[in-house]
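Undergrad: The following block contains the structure, expressed as structure tokens.
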Amino acid sequence: MLGFNPPKRVTEKTKENFPAYIKVAVEWWANAIASPNLDNGTDNMPIFLFSAAANSGKTFSKKEINLFKRTLAKEIEQEMKKWQRCTLSVDYHPCQALAVAGEKIGVNSMMGYPWKTTMQISESEVKVSAGYGAGYENLWISN
């Protein structure tokens, strides 16, 4: 089927000991760049072609995924220290924290991240809205 790309899963562990909420967030984004969802709310055929193009090129090595995760974790850590929360987002281009991590391994800034996606991170929860008009899904809640 044109435009269907089964999600890829990457499970490479980082060596640093980050809090659970950061680990959950970086794991989700590592999987997201391995198989980006380009959902902008349209049913037009060109979007399916963009989706196919986004997933057809770059496959990231374990070393690259580890570098992405470490870099993103450090970016989240800095935001948490400053604001006690962190928001990672992609409209059509990634926010700065995602861009910094992605640039380290060559993530395509236009089609290498899931469009219309926002993740909210705090010490008590991690939730994500992935795709145009999507509701928030809880990924992690502290005990």
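The values are calculated or read from the model by the stated rules, or taken from the named source; none is laboratory data. Only a predicted model underlies this, so the values are computations on that prediction, with no experimental measurement involved. Backbone-built Cβ (ideal geometry, glycine too); neighbour counts: all protein chains shown. Ligands, DNA and RNA are excluded from the accessible area calculation, which covers all protein heavy atoms including side chains. Shrake-Rupley method; radii C 1.70, N 1.55, O 1.52, S 1.80 Å.
Undergrad: How large is the accessible surface per residue of segment 52-134, computed with a 1.4 Å probe and reported in Å² as a whole number? The partial results should precede the final answer.
TA: Values: 4250 Å² over 83 residues.
Ligands and nucleic acids excluded, the result is 51 Å² per residue.
Undergrad: Taking the Cβ of Glu103 as the center, what net charge do the other residues with Cβ under 15 Å away carry, scoring Lys and Arg +1 and Asp and Glu -1?
TA: Values: positive: Lys58, Lys69, Arg70, Lys74, Lys104; negative: Glu64, Glu75.
So the surrounding residues net to +3.
Undergrad: To continue, here is another question. So if we plug the beta-carbon distance of Ser124 and Gln96 into 1/(1 + (r/R0)^6) with R0 = 22 Å, what FRET efficiency do we get, rounded to 0.05?
TA: Working: r = 24 Å, r/R0 = 1.08.
Once the sixth-power term is evaluated, E becomes 0.40.
Undergrad: Here's a follow-up. Quick one: net charge of Pro19's neighbours, Cβ under 9 Å, K/R +1, D/E -1? Let's see the in-between values first.
TA: On the way: positive: Lys23; negative: Glu77, Glu123.
The answer is -1.
Undergrad: Kindly report, to the nearest 10 Å², the accessible surface of Tyr21 as traced by a 1.4 Å probe over protein heavy atoms only.
TA: Its accessible surface works out to 30 Å², give or take rounding.
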